[in-house]
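Dropping a structure here in structure tokens format, bear with me for questions.
The values are calculated or read from the model by the stated rules, or taken from the named source; none is laboratory data. Treat the numbers as computed from the prediction; the structure is a model and nothing was measured. Here the Cβ positions follow ideal geometry from the backbone for every residue, glycine too, while neighbour counts run over all protein chains shown. Keep in mind that these areas ignore ligands, DNA and RNA; they rest on the heavy atoms of the full protein, side chains included. Shrake-Rupley method; radii C 1.70, N 1.55, O 1.52, S 1.80 Å.
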Amino acid sequence: MPEFEDILVSGEFSAFREAYAPAVQPAGPTEVRRTVRRRRQRVAVLTAAVAVLAVTIPAAANTTLDRGSAPPPGPAQTGGPSPSSSTVPPTPTPSSVSPTAAAPDGRISRSQLLAARVDLPAWPEYLHSPPTCGTEDVRLRPGPNVDSVPALLGDPGHGDLDGDGAVETVALLGCRANGETLGKQVVAFDRDAAGRIVTMGRVAGAAEGMDDITDISVQDDGKVRVHVADVQPCCGLPSWWPQRQWRTYAWTGDRFDQTAGPTRFGVDPRLTDLTLTAGELALGPPDGQGRRTGTVTVTVVNRGPVDVPRLGFDTLTSIGEPAGADLDRCRMADAGPVAACLLDPLPAGGRKTYTFRFLVDPSSGDDPRPVVQVVHFDAQERYWDDLKRSDNRVELRTAG
């Protein structure tokens, strides 16, 4: 019965394939040589299997006939060669492994940054920076300097800013704009795959209301802390006047955004509102040298919210030579542009009245109108601005 034998042979080959199919690994570059070696072994195995089938088919046919419609033996009943103990487990092929290329090392030293040519974000517009504050193909100068060219201020910071597992570099840059004022910005740098220094972007930049950047710090999580001030202490402005804050910035995928810290400067909590009023400068009769005694009464009110450790009175020399009354108690303090007579403290909500006496030289008629001004001094004898400057100064009227 040739047809029945064909069916049996076909069934045996099907069982053979089902038994060995799970052991077959997908071919890849690593398997090519192993596949060539195994082909001869498989040919030998198939030849042996056909020979066994040729011998067993009659017995199998008899058995099948005896069982009537019973199915032929399945794969679990068909033996197969056991793997040798020297068989090497298959090695994963490159097609099944997706290695990630390591990110370039973006740790850039100060000397390397000064030696490179880089592109920079735009400088603050409100400062009207000169054309020499360039942004393209820039060679940074070591700062600070007096020239209006981009400069590297201090040492760069380093950290993994974008979470790629490699370190990047953050630097504080400045360029002199007008007078002593510097335009400033914090810029992040990295390296490309070829090792060239490239600009990631601006972390933070000075602007109106945030006029100065004084320090940077990179945290362990890659965020950048930036120390900012509301004004830049230059041009005679005291270094202690600016309000200062730490603000935190983080990479968001295509730029840096602020993620923590204050977003603006409010009213300076260290300042108060002093108000000065004054009567007329009353002049007495001239002495033998033609000088006249001038007396004036002034009143100061501290409208708050801050107590004043010392009241200072400035520009008194525009009136005349101190000659007594409350001026006898004052101690002169030279605080740069302010040479003031220091007197009493004045708490918020308080009021003080003083009488000042001067010797007025009539020959100084060409001098400007005499002026008295009150100034807020702290316990360290530092002078401060006022919340409302316009009522701190009085031009005196003369009587007599």
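Could you run the Karplus curve 6.51 cos²θ - 1.76 cosθ + 1.60 with θ = phi - 60° over the stretch 279-294 and give me ³J(HN,Hα) per residue in whole Hz, x for Gly and Pro?
Karplus values, whole Hz, x for Gly and Pro: x, 6, 7, 7, 9, x, x, x, 8, x, 9, x, 7, 10, 7, x.
Given charges of +1 on the Cβ of Lys and Arg and -1 on the Cβ of Asp and Glu, with all other atoms neutral, how large is the dipole of the stretch 186-327 about its Cα centre, in debye to the nearest 20?
About 200 debye.
Which far-off residues, 5 or more places away or on another chain, put their amide H under 5 Å from the one on Gln243, with H placed in the peptide plane?
Close amide H contacts, sequence-distant or interchain: Asp230, Val231.
Using only the heavy atoms of the protein chains and a 1.4 Å probe, how would His158, His227, His128 rank by accessible area, largest first?
His128, His158, His227
Same structure, new question: For a quick check: with amide H placed at 1.01 Å from N, whose amide H comes under 5 Å from Asp119's, ignoring anything fewer than 5 positions away on the same chain?
Asp137, Val138, Thr199
Let me ask something else about it. Under 5 Å between amide hydrogens, which residues at least 5 positions from Gly324 or on another chain qualify, with H placed 1.01 Å from N in the peptide plane?
Arg357
Figure the gain on full extension for Glu180 and Ala379 (residue separation times 0.36 nm, minus the Cα-Cα span) and round it to one decimal in nm.
Using 0.36 nm per residue and subtracting the Cα-Cα distance, I get 68.7 nm.
Going 7 Å from the Cα of Arg196 along its beta-carbon direction, which residues of the stretch 113-146 have the amide nitrogen within less than 14 Å of the resulting point?
116-120, 137-138
Students often get this wrong: which residues of the stretch 160-204 have the backbone nitrogen under 16 Å from the point 7 angstrom along Cα-to-C-beta of Asp147?
It comes to 174-177, nothing else.
Could I ask something else about it? Would you mind computing, in nm to one decimal, how far apart the modelled labels at Trp240 and Arg369 are, each placed 7 Å from Cα along Cα→Cβ?
Each label point lies 7 Å from its Cα, and together they span 3.4 nm.
Okay, next question. Run down the lysines and flag those whose C-alpha is under 23 Å from the C-alpha of Lys184, throwing out any fewer than 8 positions away in its chain.
Lys223
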